[in-house]
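As C-alpha cells, the structure follows; a few thoughts come after it.
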Amino acid sequence: MVTEGRREKETKRKRDEETKRRRDEGTRRRKTNSVRREIQNFKFKNMAKKEFSFNNAVVEIEEILHKIESGELDIDKLSVEVKRASELIKECQKKLRSTEEEINSIFKDLV
C-alpha cells in the first residue's frame, strides 16, 4: 500500500515536471519568435530609412524564395518572410515605375 502511494506520487511529480518543462519550452519558443519578428521589423524600418537598393531587395527576395522552396522555414516564420517579400516587391515595383518615368522624360527631352 505504501509502495503504491509512493509510486502514484512519483508518477504525479514526473507528470508535473514534464508539464512544466513543456510550458517553459513553449514560452521560450514564443519569446524567440517574438524577438525574430521584432528583428525583421527593425530591419525593414532601417531599410526604409536608408536609400532603397533595388539589387539588394532582389537578392533578399531570392533568399526568401529559396528558403520557402527548400522547406527551411518553419510555419511560425513563414508569414513574416512572405510579408517581407511582399513589401520588397512593392518597393521594387515603385522603383521600376519611377525609373521608367525618368527614362521617358529623358527621351521626351531629346525629341
Pair list, Cβ < 6 Å and 6+ apart or interchain, from segment 61-84 residues that are under 16 Å from Q40 (Cα atoms) to residues that are basic (K, R) and part of a helix (DSSP H, G or I): L73/K67; V80/R37
In segment 71-83, residue surrounded by the most Cβ atoms within 10 Å (Cβ to Cβ) [restricted to those that are modelled with pLDDT under 90 and not aliphatic (A, V, I, L, M)]: K77
Where a residue in segment 12-36 is outside the structural domain of S79 (by TED's automatic domain parsing) and closer than 30 Å to E81 by Cα and its partner, wherever it lies, is at pLDDT 80 or above and of a type in the set (K, R), with Cβ under 8 Å and at least six apart: N33/K77; R36/K77
Selection from segment 1-26 of residues that are β-branched (V, I, T) and modelled with pLDDT of 70 or more: T3, T11, T19
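The values are calculated or read from the model by the stated rules, or taken from the named source; none is laboratory data. Please read all numbers here as calculations on a predicted model, not as lab measurements. A quick note on method: Cβ atoms are made from the backbone with ideal geometry, for glycine too, and the neighbour counts reach across all protein chains shown.
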